[in-house]
Amino acid sequence: MESRVPEQPGVCPFVDREEELGAIDRAYRERPGLAVVYGRRRVGKTRLIWEWLKRSRARAVYFLAHLSSHEHNLKMLAEKAASQLGDPLIARVTPRGLGDLLTLLARSGADVVVIDEFTYWVRAAPRVASELQEFVDTQLPSTSLLVVISGSLVGVMERRILGGGSPLYARARLRLRLHPLRYKAAARLLSRMSPEDRVRVYSLVGGIPFYLCLVAGARNAGEAVWRLVIEPGAPLRVERDLLLREELRDPHAYNAILSAIARGHTTPARIAAATGLDPSHTHKYLAVLEALGFVSRETPLFKRKGRYRIADPILRSWYGLVEPVSELLELGLAREAFKAIMARLDEHTAPAWEELVKLHLLEAWAPSGYTLAGRLEHREEELDVALINTVEKKAVVAEVKWSDLTLREAEAIRRAAASKAYRLLPSGYSVTETYVAARSVRGGEGADWIITPASIAEGSLGAGPA
């Protein structure tokens, strides 16, 4: 008898994630075992699990845990399992703990038990992690069950469930941290927009499926901004607070650090000075933010000193675009706030476009040994993107603009970039290819050294060795 897991509602297409689906499928075929799927809010964990359940046709139990008492979650899991397995007796059992209930579900014929948002259960009742550990160690090997736990609280998952010394350390057959969609997959959800507006929207929300689906029907970036920020209940107004409060014990200190980085204070010393925090504490805070994926430390190629940037696209958009118009929104001046955001949108898009170009070139050139990517800098001179083949001492470089150029302007930028590259590269390196990336290049159609949103959308990598 098949389980009665209800169909998941949703109109947004499921895109990409084939590798992740394959990983869960392998864990299922090799059961018994424990699989862990986790990642930031809205990254698509639940949708991934539902898609796998739909394809697998496994006899499954799906339960969404609550930030509630241990007893309440056990009771609700038993009731869901009774309904989905078609066995009302399960709901009448009073298990001593999660292990007892999972043992019962395995005997009742379940192939898979999914506990979604397990981190909420752990936060409310820490003992549940130890109960699951005991089941995995003593009972799971004698079953044919795959237990899948997922969670949005990345810090809780890594510190209190999976990390060294935690109950489930080294016990998961599959440990899958889900990352945002890559650009080409994300762009498929924005098919009504121009290639340029797809990049603008990607700069706002990155590859976070929840937000991409909210604006999937929008015709342009302006419509997307209105839905995401301006209209009543727009999600980007509150997402910063939700992210920080859910993940962090002292959200005010972390907010101060993120705000300082957004204002251009990008080294630990400057961040400490801007926030008034103790420098030794600042390093610890930055380490936590980096582990969560909220910030990243970028070091120019062939250099030692790096600087921090806000890596999470939702936080980057909040500090860069939403916070500056928050007073206008509070006053109900929606159109004025919208105009202010649209006036700054291209400035906000430029760094995301640079990152996209870097990844675009890396995809094309990595198979030929160009695996080190970053910026080249020395004193006041810099080059936006360089890919390095350290074995052959060769480089592929690119100058990146988020502006409309003529072919003559692009050619001049290309010559200057090639010359600059030889000044910035270590002695003995040669330049294999020089690219110019821009929003558009009038008259540059067909030139294989030009990268635009349109060329990326068409899949023409104009990049890579012949």
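Taking the Cα centre of region 354-457 as origin and assigning +1 to Lys and Arg Cβ atoms and -1 to Asp and Glu Cβ atoms, the resulting dipole is close to 220 debye. Taking amide hydrogens as placed 1.01 Å from N in the peptide plane, the amide H of G39 sits under 5 Å from those of G151, L178, each at least 5 positions away in sequence or on another chain. Evaluated with a Cβ-only charge set (Lys, Arg +1; Asp, Glu -1), the chain carries a dipole of roughly 520 debye about its Cα centre, given to the nearest 20.
Remark: the H283-E231 segment gains 14.9 nm on full extension, using 0.36 nm per residue and subtracting the alpha carbon distance.
Between L407 and A185, the contour length at 0.36 nm per residue exceeds the Cα-Cα span by 76.9 nm. What the phi angles of region 206-212 give under the Karplus curve with 6.51, -1.76 and 1.60, with θ = phi - 60°, is a coupling list of x, x, 7, x, 4, 6, 4 Hz, glycine and proline written as x. In order along region 182-197, the phi-based Karplus estimate (6.51 cos²θ - 1.76 cosθ + 1.60, θ = phi - 60°) of 3J(HN,Hα) comes to 5, 4, 5, 6, 4, 5, 5, 7, 10, 5, 7, 9, 5, x, 5, 6 Hz; Gly and Pro are listed as x. Averaging 1/r over each pair of different alpha-carbon atoms in the chain and inverting the result gives 24.6 Å, the Kirkwood hydrodynamic radius.
In the chain, the calculated helix contribution to ellipticity at 222 nm averages -13000 deg cm²/dmol per residue, counting -39,500 (n - 2.57) for every DSSP H run with n ≥ 4. Excluding same-chain neighbours fewer than eight residues apart, the lysines reachable from K358 by a Cα-Cα span under 30 Å are K45, K184, K284, K303, K305, K393, K394, K401, K420. Taking a Cβ cut-off of under 14 Å around R249, the surrounding Lys, Arg, Asp and Glu residues balance to a net charge of +2, with basic ones at +1 and acidic ones at -1.
Applying the Karplus relation 6.51 cos²θ - 1.76 cosθ + 1.60 with θ = phi - 60° to region 127-137 yields 3J(HN,Hα) values of 5, 5, 5, 5, 5, 5, 4, 4, 5, 4, 6 Hz, where x marks Gly and Pro.
Using a simple spin-label model with pseudo-atoms 7 Å out from Cα toward Cβ, R249 and K54 lie 4.1 nm apart. Approximating the spin labels as points 7 Å out from Cα along Cα→Cβ, the E223-to-D87 distance works out to 4.9 nm.
A simple count of charges around E433, restricted to other residues whose Cβ falls under 12 Å of its Cβ and scoring Lys, Arg +1 and Asp, Glu -1, yields +1.
All distinct Cα pairs of region 1-123 go into the 1/r average, and the inverse of that average, the Kirkwood radius, is 15.2 Å.
Rule-based calculations on the coordinates, nothing more; no lab input. As the structure is a prediction and not an experimental result, all values here were calculated from the model. We place every Cβ from the backbone using ideal geometry, glycine too, and count neighbours over all the protein chains shown.
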